[in-house]
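A.B. asks: Sharing a structure, written as structure tokens. Questions coming.
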Amino acid sequence: MKALVADGGLRFVPSYPTPVPGRGEALVRVRLAGVCGTDLELLGGYHGFRGVPGHELVGDVAAGPRRWLGRRVTAAINVGCGRCPVCRASGPEHCPARSVAGILGRDGAFAEYVAVPVRNLHRVPERVSDEAAVFAEPLAAALRVRDQLAVRTSDRVAVLGPGRLGLLVGLVTALDGTAVTLLGRPGPSLANAAKLGLPATEAADERDSAYDVVVDCTGDPAGLAEAIRLTRPRGTLVLKTTYHGERGVNASAVVVKELTLVGSRCGPIAPALRLVAAGRVPVGRLGEAVYPLEDGLAAFEHAGRPGALKVLLRP
């Protein structure tokens, strides 16, 4: 099968081995896959990953249990053992022995086919297009912030880093009427937020602001220091993105301001699909370009441009 392979760089492989589903798995023929910031970090050495990247997908079940055959699906990305106390109490995303599609120990979706545990599959409603369904995983990650926090409509919320994930976090936060502002550098990213109807301003203009909640979506170690500065004393700081080449946290500022730190990762796929099906989050406006796998290098270059929205791969 065709595939993109990360092995210290990124290369297109026309004859990569087609995965053989294991027990409890299905083989999914990929229709579309999305390139996200984590995929770009993998090329910089994040997790030392080797294999097929990609974890945002929509596809059809080509092999597996009869009830799933031919179904259009998307999938959760974490695969835990399902037996240990951590899995049972906290979910597969925290399993010490977990693998993560396209990120850690498991090939992902930048290929014609991908093997997915059946328990990770989610059926895509008929009225949801492929171009919208491929956003289910990143939208679920944005929803995780809302699940973790008891944000009041009176709270002032800032999302630092109005990239692809930051825009989704902003849109989800605004669903309940909460005042949210997207903060970033001047340029296309802030313009993207404004086009979606989200208040947006340059972070440097917020010198005297103190937000109740700040969500750091910068994917940059320097963004954390800015996020700490922008959070009011006894406010809440949500760390939403990972990055390669981490630097130290200004722990003294966290102590002096008595901040609450919240780490936030993957979220629930089913509610994300319901939001998309109901048209409550305009994910269709976030797609920017579609490339064939053969042009994967160009797709990654496009996705890495400042202000780029979602870039998709179509095997």
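A.B. asks: Under a 5 Å amide H to amide H cut-off, with H placed in plane at 1.01 Å, what residues pair with GLY235 once short-range neighbours are removed?
C.D. replies: THR260
A.B. asks: Net charge around GLU258, counting only other residues with Cβ within less than 12 Å of its Cβ (Lys, Arg = +1; Asp, Glu = -1)?
C.D. replies: Numbers: positive: ARG232, ARG234, LYS257; negative: none.
Around GLU258, the surrounding residues sum to +3.
A.B. asks: Still on this structure, please answer the following. Using only Cα atoms, tell me the angle between helix 136-148 and the longest principal axis of the chain; keep it within 0 to 90° and round to the nearest 10.
C.D. replies: For helix 136-148, the angle is close to 40 degrees.
A.B. asks: Provide PHE110, PHE300, PHE135, PHE12 in ascending order of the number of other Cβ atoms located within 10 Å of each residue's Cβ, fewest first.
C.D. replies: Values: PHE110 32, PHE300 22, PHE135 29, PHE12 16.
In increasing order of surrounding Cβ atoms, one gets PHE12, PHE300, PHE135, PHE110.
A.B. asks: Tell me, how many Å apart are the Cα centres for region 141-218 and for region 259-315?
C.D. replies: Distance between centres, Cα-based: 17 Å.
A.B. asks: If you take the square roots of the eigenvalues of the alpha-carbon gyration tensor of region 1-118 and sort them as a ≥ b ≥ c, do you get rounded (a/c under 1.5), prolate (a/b over b/c) or oblate? Mind dumping the intermediate values first?
C.D. replies: Numbers: a/c = 1.90, a/b = 1.07, b/c = 1.77.
Judged from the Cα gyration tensor, region 1-118 comes out oblate (a/c at least 1.5, b/c at or above a/b).
A.B. asks: Does the chain classify as rounded, prolate or oblate by the C-alpha gyration tensor (a ≥ b ≥ c root eigenvalues; a/c under 1.5 gives rounded; else a/b over b/c gives prolate, otherwise oblate)? Don't skip to the end; give the middle numbers.
C.D. replies: Numbers: a/c = 1.65, a/b = 1.59, b/c = 1.03.
Cα axes put the chain in the prolate bin.
A.B. asks: Next question. I need GLU25, GLU131 ordered by Cβ neighbour count within 10 Å, fewest first. Don't skip to the answer; put the middle values down first.
C.D. replies: On the way: GLU25 21, GLU131 18.
Fewest-to-most ranking of GLU25, GLU131: GLU131, GLU25.
A.B. asks: Using a Cα-Cα cut-off of under 22 Å, which lysines could be cross-linked to LYS257, ignoring same-chain neighbours fewer than 8 residues away?
C.D. replies: Here the lysines satisfying the reach criterion relative to LYS257 are LYS240.
A.B. asks: Moving to a separate point now. Taking 7 Å along the Cα-to-C-beta vector as the label spot, tell me the HIS47-ALA222 distance in nanometres, rounded to one decimal.
C.D. replies: Simple spin-label model gives 2.7 nm for this pair.
A.B. asks: For region 107-116, just list the computed ³J(HN,Hα) in residue order, Karplus coefficients 6.51, -1.76 and 1.60, θ = phi - 60°, integers in Hz, with x standing in for Gly and Pro.
C.D. replies: For region 107-116, the Karplus curve yields 5, x, 9, 7, 7, 5, 9, 9, 8, 9 Hz.
A.B. asks: Give the long-range amide H neighbours of ALA26: residues separated by 5 or more places, or on another chain, with amide H under 5 Å away, using H modelled in the peptide plane at 1.01 Å from N.
C.D. replies: VAL116, VAL118
A.B. asks: Could I ask something else about it? Pop a pseudo-label 7 angstrom from the Cα along the beta-carbon direction at both ASN250 and ARG11 and give the gap in nm to one decimal.
C.D. replies: 4.4
A.B. asks: Which order do THR241, THR260, THR153 fall in if you start with the one that has the fewest other Cβ atoms within 10 Å? Mind dumping the intermediate values first?
C.D. replies: Details: THR241 24, THR260 14, THR153 8.
Final ranking by Cβ density, sparse to dense: THR153, THR260, THR241.
A.B. asks: If a/c stays under 1.5 just call it rounded; otherwise compare a/b with b/c (prolate if a/b is bigger, oblate if not). Do that for region 141-263, with a ≥ b ≥ c from the square roots of the Cα gyration tensor eigenvalues.
C.D. replies: Numbers: a/c = 1.42, a/b = 1.20, b/c = 1.18.
Note, shape of region 141-263 comes out rounded.
A.B. asks: Now, a different point. What are the ³J(HN,Hα) couplings of region 47-59, residue after residue, when phi is run through the Karplus curve with 6.51, -1.76, 1.60 and θ = phi - 60°? Round to Hz, x for glycine and proline.
C.D. replies: Each residue of region 47-59 in turn: 6, x, 5, 10, x, 8, x, x, 9, 9, 8, 9, x Hz.
Every number here is computed from the coordinates shown, using simple stated rules; none is lab data. All values reported here derive from a predicted model rather than from experimental measurement. Every residue, glycine as well, gets a Cβ built from its backbone with ideal geometry; the counts of neighbours run over all protein chains shown.
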